[in-house]
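J.: Sharing a structure here in structure tokens format.
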Amino acid sequence: MADAAKVQNFELDLDEQAYGDDPLADRETDLYRGEYVMSFVEKWDELIDWRGRAESEGQFFIDILRARGKETVLDVAAGTGFHSVRLTEAGFNVTTADGSAAMVAKAFENGQARGLILKTVQADWRWLNRDIQGKYDAIICLGNSFTHLHEEHDRRRALAEFYAALKHDGILILDQRNYDAMLDHGFSTKHKYYYCGDRVTAEPEHVDEGLCRMKYSFPDGSDYTLNMCPIRKNYVRRLLTEAGFARVRTYGDFQETYAEDEPDFFIHVAEKS
Ligand code: SAM
């Protein structure tokens, strides 16, 4: 496990998002490192509005983990630590990981502000088991993070690493935006779930079969973008099955039953056995 002091000493002073001359052509898995610059990371909490988000998702993840008797949780896309903090406060034994040093440092800081010392580690999913130790009861990969992977071989590789980091009866909880609805019918959101505090707007600037470029605009006039890959629900379910998971159940905005076009987010719960 990386110690926190070491994590906090990483270079965190990059301030410009790193896109090429034609940002719509930037469709590589490694792009995320240059997208989460420090100023964006600092704004992320404003963006995701912790209290509103906690109210929206309620006990959903806690109930799923408790119902299956899970205790050790690896948060592989911790971001600023929202779920790591919530699950630690709920009594789970959480390890907080992210591929971005800036995010790991921010998560640690957010934990500290709430009187928690999060166990943090910087780890890219593609080499996860090189950087983490032991096997976990559950892995969570939330906040649409998995769709940062632009290439199929990276998705398969990440899922293989998640699978290997789980105990024999472990579960993976992975969510994604409802890109099917976006690709088939255009973008709409009820602005209820996840990111949006009411002072921040999140909208797709460009959508095609290979790219969803989201733009986040802040009240101070600044805006940031994320180039995500708009992967479809059934494609992700297939990848999970092909990675070896025995059962995959997909919820829509935390509900078991839903009309396909309705949810903003799908949440896949994949069980190893
Ligand atoms: N889960 C957090 C939340 O919901 O607020 C953060 C979500 S943010 C959209 C996506 C996170 O995934 C970022 O913190 C980013 O650094 C991380 N990430 C993206 N690609 C990654 C990779 N290949 N390996 C590890 N982390 C990655």
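The values are calculated or read from the model by the stated rules, or taken from the named source; none is laboratory data. In this text the structure is predicted, and so the values were computed from the model without any measurement. Cβ placement follows ideal geometry from the backbone for every residue including glycine, while neighbour counts extend to all protein chains displayed. Just so you know, the surface numbers come from the protein's heavy atoms only, side chains and all, with ligands and any DNA or RNA stripped out. Shrake-Rupley method; radii C 1.70, N 1.55, O 1.52, S 1.80 Å.
J.: Using a 1.4 angstrom probe and counting only protein chains, how large is the accessible area of His153 in Å², to 10?
T.: So the heavy atoms of His153 present about 120 Å² to solvent.
J.: If you don't mind, there's one more thing I want to ask. Take the range 148-273, compute every pairwise Cα distance, and split them into 10 Å bins from 0; I just need the percent in each bin.
T.: 12, 39, 34, 14, 2
J.: From the Cα gyration tensor of the range 35-106, with a ≥ b ≥ c the square roots of its eigenvalues, which class applies: rounded if a/c is under 1.5, or else prolate if a/b is larger than b/c, or else oblate?
T.: Oblate is the answer for the range 35-106, as a/c is 1.5 or above yet b/c matches or exceeds a/b.
J.: Further question: What nm distance separates the two modelled labels at Asn234 and Glu262, each placed 7 Å from Cα along Cα→Cβ?
T.: Distance between label points: 2.0 nm.
J.: Of Lys70/Lys233; Lys43/Lys106; Lys106/Lys272, which sit over 21 Å apart, Cα to Cα?
T.: Those over the limit are Lys70/Lys233; Lys106/Lys272.
J.: Hey, another quick one. Show me the three semi-axes of the equivalent ellipsoid for the chain, from the C-alpha gyration tensor (sqrt of 5 times each eigenvalue), largest first, rounded to whole Å.
T.: 25, 23, 19
J.: Checking understanding here: applying a Kyte-Doolittle mean of at least 0.0 and a length along the axis of at least 15 Å (C-alpha), which whole DSSP H helices in the chain pass?
T.: Membrane-span-like by this rule: 38-48, 101-113.
J.: I need the shape label for the range 33-182. Rule: rounded when a/c is under 1.5, else prolate if a/b > b/c, else oblate, with a, b, c from the alpha carbon gyration tensor.
T.: Here the range 33-182 falls in the rounded category.
J.: Name the long-range amide H neighbours of Glu151: under 5 Å, sequence gap of 5 or more, or other chain; modelled H, no Pro or chain starts.
T.: Amide H neighbours of Glu151: Thr29.
J.: Moving on. Quick one: compute the contact order of the chain, relative version, from alpha carbon pairs under 8 angstrom and 6+ residues apart, as a percent.
T.: This gives 19 percent for the chain.
J.: Quick check on the chain: helices-only [θ] at 222 nm, where DSSP H runs of length 4 and up contribute -39,500 (n - 2.57) each and the sum goes over total residues. Nearest 500, please.
T.: -9000 deg cm²/dmol
J.: Here is a further query. Assuming R0 = 35 Å, can you tell me the calculated FRET efficiency for the pair Glu203 and Glu242, based on Cβ-Cβ distance, to the nearest 0.05?
T.: Result of the calculation: an efficiency of 0.60.
J.: Quick one: Cα convex hull volume of the range 135-185, Å³ per residue?
T.: Looking at the range 135-185, the number lands at 79 Å³ per residue.
J.: First check a/c for the range 98-194, with a ≥ b ≥ c the square roots of the eigenvalues of its C-alpha gyration tensor; if it is under 1.5, answer rounded, and if not, answer prolate when a/b is larger than b/c or oblate otherwise.
T.: The shape class here is oblate.
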